[in-house]
Amino acid sequence: QVQLVESGGGLVQPGGSLRLSCAASGTIFSIIVMGWYRQAPGKQRELVATITSDGSLRYGDSVKGRFTISRDNAKNTVYLQMNSLEPEDTAVFYCHAAMRVPGTAVLDDYWGQGTQVTVSS
């Protein structure tokens, strides 16, 4: 079994910064991609950013230029540096990892429990 544990959420003023971390633990084989998604009240879950094992990046349009995703493959940990935060960034942020099932081309999806980010003055 695999667990994703997020940390770093909280309350921040508009224009401020936060750094989220997500560490994967348990029986880990090959993590293909790790990333962050978020869900605001009354809205669907949306992509924030992802990073593959070889470093390919993908960002949601609303966070480009403000958020930076990075990864420590040795620690099975992904980070999200969030700068210039806006009230519209308020949401529960979820860590995601896709891992290859050994000996197959199948990917299993894992999610963290979520961490609240609130941007308010």
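Summing charges over all other residues whose Cβ lies under 15 Å from the Cβ of residue 18, with Lys and Arg as +1 and Asp and Glu as -1, gives -1.
The value of relative contact order for the chain, using C-alpha pairs under 8 Å at least six residues apart, is 36 percent.
For the stretch 93-110, 3J(HN,Hα) computed residue by residue from phi via the Karplus equation (6.51, -1.76, 1.60; θ = phi - 60°) reads 9, 10, 8, 9, 9, 10, 10, 6, 6, x, x, 9, 9, 7, 10, 9, 9, 10 Hz, glycine and proline entered as x.
With the simple spin-label model, which puts each label point 7 Å out from Cα in the Cβ direction, the residue 66 to residue 13 separation comes to 1.7 nm. Bridges between two residues of the chain, per DSSP, are antiparallel at a rate of about 95%. In loop segments of the stretch 17-121 as defined by DSSP, the trypsin sites (Lys or Arg not before Pro) with at most 16 further C-beta atoms inside 10 Å of their C-beta are 43, 45, 64, 66. Placing a pseudo-label 7 Å from each Cα along the Cα-to-Cβ vector at residue 120 and residue 2 gives an inter-label distance of 3.5 nm. Other residues whose C-beta falls under 12 angstrom from the C-beta of residue 59 contribute a net charge of +1, scoring Lys and Arg +1 and Asp and Glu -1. Taking all protein chains into account, the per residue accessible area for the chain stands at 52 Å² (1.4 Å probe).
How many percent of the accessible area of the chain is carbon or sulfur, using a 1.4 Å probe?
Working: 3070 of 6340 Å².
Using a 1.4 Å probe with all protein chains present, the chain comes out at 48 percent carbon and sulfur.
Can you give the net charge of the other residues whose Cβ lies under 13 Å from the Cβ of residue 43, counting K and R as +1 and D and E as -1?
Local net charge: -1.
R0 = 25 Å: FRET efficiency of residue 57 with residue 30, Cβ-based, nearest 0.05? Computed FRET efficiency for residue 57 and residue 30 comes out at 0.85.
The calculated FRET efficiency for the pair residue 44 and residue 75, based on their C-beta separation and a Förster distance of 30 Å, comes to about 0.45.
The values are calculated or read from the model by the stated rules, or taken from the named source; none is laboratory data. These figures come from a predicted structure and were not determined experimentally. A quick note on method: Cβ atoms are made from the backbone with ideal geometry, for glycine too, and the neighbour counts reach across all protein chains shown. Only protein heavy atoms, including side chains, enter the accessible area calculation; ligands, DNA and RNA are left aside. Shrake-Rupley method; radii C 1.70, N 1.55, O 1.52, S 1.80 Å.
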